[in-house]
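Please read the structure below before turning to the comments.
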Amino acid sequence: MMKNDLLLQDDLAKELYSRASSLPLIDYHNHLSIPALAENRTELDPAALWLTCDPYKHRAMRICGVEEKYITGDTDAFDKFRAWCAVYPRLAGNPLCHWAELELSEYFDLDLRDFPINGENARALWDVMDRKLHGGRMGIADILRRAGMIYSAPCMLPTDTPPDSAMPEGIRVVPSLRADTALAPDAVLLQKLAEQTGSPVRTVGDYKAALRERLRVFEEHGCNVMDISLDAGFRYREETVPDTAAAEDCGREELAGEMLRFFGVECRERGWVLLLHIGALRQTSPYLKRVAGAAGGFAGIGASVDPDDTARFLRSIEAKDGSLPKTLLFSLNPADTVPQITLSGSFAHGQVGPGAPWWWNDHLQGMTDFMEWMSCYGVLSAFFGMTTDSRSALSMVRHDYFRRTLCRFLARKVRAGEFPADRDVLGDLIDRVCFRNAADKLLPVQ
């Protein structure tokens with residue numbers, strides 16, 4: 001395994017990184033396949049491993065004018081790989097450059113100074129990656145173990161069936177429940193729940209009972225995280241919908257507000273972590289949605305979401321003693337980040353906080369801004385920690401990228417006299433942010 005000094009500009013940054021890099025990884029929200037993890041499945045070729053599962057790369061290729069057939073079409077795998085390699089030299093300043101450097105260094109022992117990525121070098125790079133991929137110990141679980149992963153929570157829908165198969169040794173793999181599809185159900189979802197629970201689902205009360213049963217099933221499989229996406233244009237509706245109302249006849253926004261409260265209370269009572277992903281602009285190109293699928297990487301950043309909507313929702317599920325579920329607010333629009341950070345001090349017991357710099361913000365600038373804002377408007381050491389939100393096993397290096405950025409940030413602050421140089425203070429902050437805050441909540445007490 002190669003380790004370079006990417007982003008580590010001085011001896012203090014390197015010293016701090018030596019501590020950060022030794023900590024285990026907790027990835028509490030991703031889109032990996034649980035069956036693939038259980039099987040320790042190996043991808044067919046370098047394109048499948050490195051390119052086709054990574055919409056960040058797809059987006060960069062589109063921006064550079066690559067035809068869609070070389071991105072998500074049915075073109076030969078190597079031709080797609082070569083198209084990606086040909087685009088790579090144009091990406092200076094894009095985080096994909098840093099991510100690719102770390103991916104190839106960590107998993108393929110390649111130094112890009114000696115082995116540049118470009119169209120002419122694509123075949124040689126393919127051959128090196130292919131030999132490594134099929135040389136053993138490059139299954140998806142192998143990759144996670146090599147990264148130091150001890151907890152991974154891939155998303156599943158309420159109607160999915162969590163697998164009973166044994167999980168890879170050394171990694172706690174549990175489902176993360178993706179609940180936003182259940183905020184305003186259609187007839188198909190209601191019928192599916194009726195079949196799974198063996199009871200008719202006609203009223204809102206029936207619907208809640210069926211969902212509680214699904215939550216029980218997920219909890220039996222170790223689930224302790226729920227994710228709800230509140231896309232651009234979200235407005236919280238406080239109107240109560242009676243349990244006697246017909247589920248299919250309710251107004252969508254009113255029922256969505258009712259079910260959001262339902263899920264929030266369930267998370268509070270079960271001790272689950274609630275992740276609110278706020279502000280994605282999903283409806284952009286109908287063409288790309290048709291040819292690339294809903295997860296094709298074409299969503300954008302929506303307009304700012306009123307923090308009053310967030311606060312009113314949190315108030316509505318706050319118990320009399322002030323307790324809430326541990327709630328992380330992921331702001332896709334950077335303009336929302338500071339208002340959401342300030343909410344961390346507006347509710348008791350440290351139960352509300354910002355989520356990780358997310359999606360279009362998980363790069364050097366976005367993460368550095370987040371750390372600066374978290375220090376100014378919140379408490380940096382209370383940050384719950386990074387997660388990848390990724391579909392690619394190789395993307396686990398983004399934890400390493402975050403840790404490098406954190407150590408770079410801390411070293412610069414110490415040099416400027418803004419942070420203490422005390423190694424105990426810095427080490428404790430690194431331990432909390434990179435591991436302990438998430439571990440204390442998500443890992444079982446031994």
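Out of the range 206-242, which residues are more than 16 Å from residue 177 (Cβ to Cβ) and touching a strand residue (DSSP E or B) at 6+ places or on another chain (Cβ under 6 Å)?
Correct list: 231, 232.
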Of the residues 292, 280, which is under 30 Å from residue 70 (Cβ atoms) and in contact with a Pro (Cβ under 9 Å, 6 or more places away or on another chain)? 292
State which residue is farthest from the chain's Cα centre (by Cα) when the search covers only the range 318-334 and only residues that are over 20 Å from residue 231 (Cα atoms) and crowded, with 16+ Cβ neighbours inside 10 Å. 318
Considering the range 32-47, residues that are crowded, with 18+ Cβ neighbours inside 10 Å and in contact with a strand residue (DSSP E or B) (Cβ under 8 Å, 6 or more places away or on another chain), and then whichever is farthest from residue 171 (Cα to Cα), we arrive at 32
Does the range 31-43 include one or more residues that are in contact with a helix residue (DSSP H, G or I) (Cβ under 8 Å, 6 or more places away or on another chain) and closer than 25 Å to residue 364 by Cβ? yes
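When you scan the range 245-252, do you find a residue that is touching a helix residue (DSSP H, G or I) at 6+ places or on another chain (Cβ under 9 Å) and not hydrophobic (A, V, I, L, M, F, W, C), even just one?
yes
Here's the yes/no breakdown for (1) in the same structural domain as residue 50 (by TED's automatic domain parsing); (2) in a helix (DSSP H, G or I); (3) farther than 15 Å from residue 28 by Cα:
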site	(1), (2), (3)
400	no, yes, yes
408	no, yes, yes
411	no, yes, yes
418	no, no, yes
424	no, yes, yes
433	no, yes, no
438	no, yes, no
Just give me the residues in the range 267-285 being of a type outside the set (Phe, Trp, Tyr), in a loop (DSSP other than H, G, I, E, B) and buried (at least 22 other Cβ atoms within 10 Å of the Cβ), in sequence order. 279
I'm checking my understanding of the structure. Among residues of the range 339-358 that are touching a strand residue (DSSP E or B) at 6+ places or on another chain (Cβ under 9 Å) and of a type in the set (A, V, I, L, M, F, W, C), which one is modelled with the lowest pLDDT? 358
Name the residues in the range 267-319 that are acidic (Asp, Glu) and either in contact (Cβ under 8 Å) with a residue 60 or more places away in the chain or not assigned by TED's automatic domain parsing to the domain that holds residue 383 (or both), would you? 306, 309
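Need at least 1 residues that are over 23 Å from residue 151 (Cβ atoms) and aliphatic (A, V, I, L, M) per element, so show me which helices (runs of 4 or more DSSP H) inside the range 1-118 make the cut, counting only ones lying wholly within it.
Numbers: elements: 11-20, 34-39, 46-50, 55-63, 77-87, 95-108.
The qualifying helices (runs of 4 or more DSSP H) are 11-20, 46-50, 55-63, 77-87, 95-108.
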All but one of (1) more than 17 Å from residue 129 (Cβ to Cβ); (2) within 22 Å of the chain's Cα centre (by Cα) hold for residue 100; which doesn't? (1)
Out of 109, 79, 180, report the one residue that is of a type in the set (D, E, K, R) and either farther than 26 Å from residue 386 by Cα or modelled with pLDDT of 95 or more (or both). 79
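The rows are residues; the columns are (1) over 27 Å from residue 278 (Cβ atoms); (2) part of a loop (DSSP other than H, G, I, E, B); (3) assigned by TED's automatic domain parsing to the domain that holds residue 26; (4) out of contact with any Asp or Glu (no Cβ under 9 Å at 6 or more places or on another chain).
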{"site": "196", "(1), (2), (3), (4)": "yes, no, yes, no"}
{"site": "201", "(1), (2), (3), (4)": "yes, yes, yes, yes"}
{"site": "208", "(1), (2), (3), (4)": "no, no, yes, no"}
{"site": "219", "(1), (2), (3), (4)": "no, no, yes, yes"}
{"site": "229", "(1), (2), (3), (4)": "no, no, yes, no"}
{"site": "235", "(1), (2), (3), (4)": "no, yes, yes, no"}
{"site": "255", "(1), (2), (3), (4)": "no, no, yes, yes"}
{"site": "265", "(1), (2), (3), (4)": "no, no, yes, yes"}
Which one of 108, 78 is within 16 Å of residue 396 (Cβ to Cβ) and not basic (Lys, Arg)? 108
Out of the residues in the range 335-359 meeting the condition of being closer than 24 Å to residue 399 by Cα and β-branched (Val, Ile, Thr), tell me which one is surrounded by the fewest Cβ atoms within 10 Å (Cβ to Cβ). 338
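The values are calculated or read from the model by the stated rules, or taken from the named source; none is laboratory data. These numbers come from a predicted model, not from an experiment. Because the Cβ atoms are built from the backbone with ideal geometry, glycine has one as well, and the counts that use them run over all protein chains shown.
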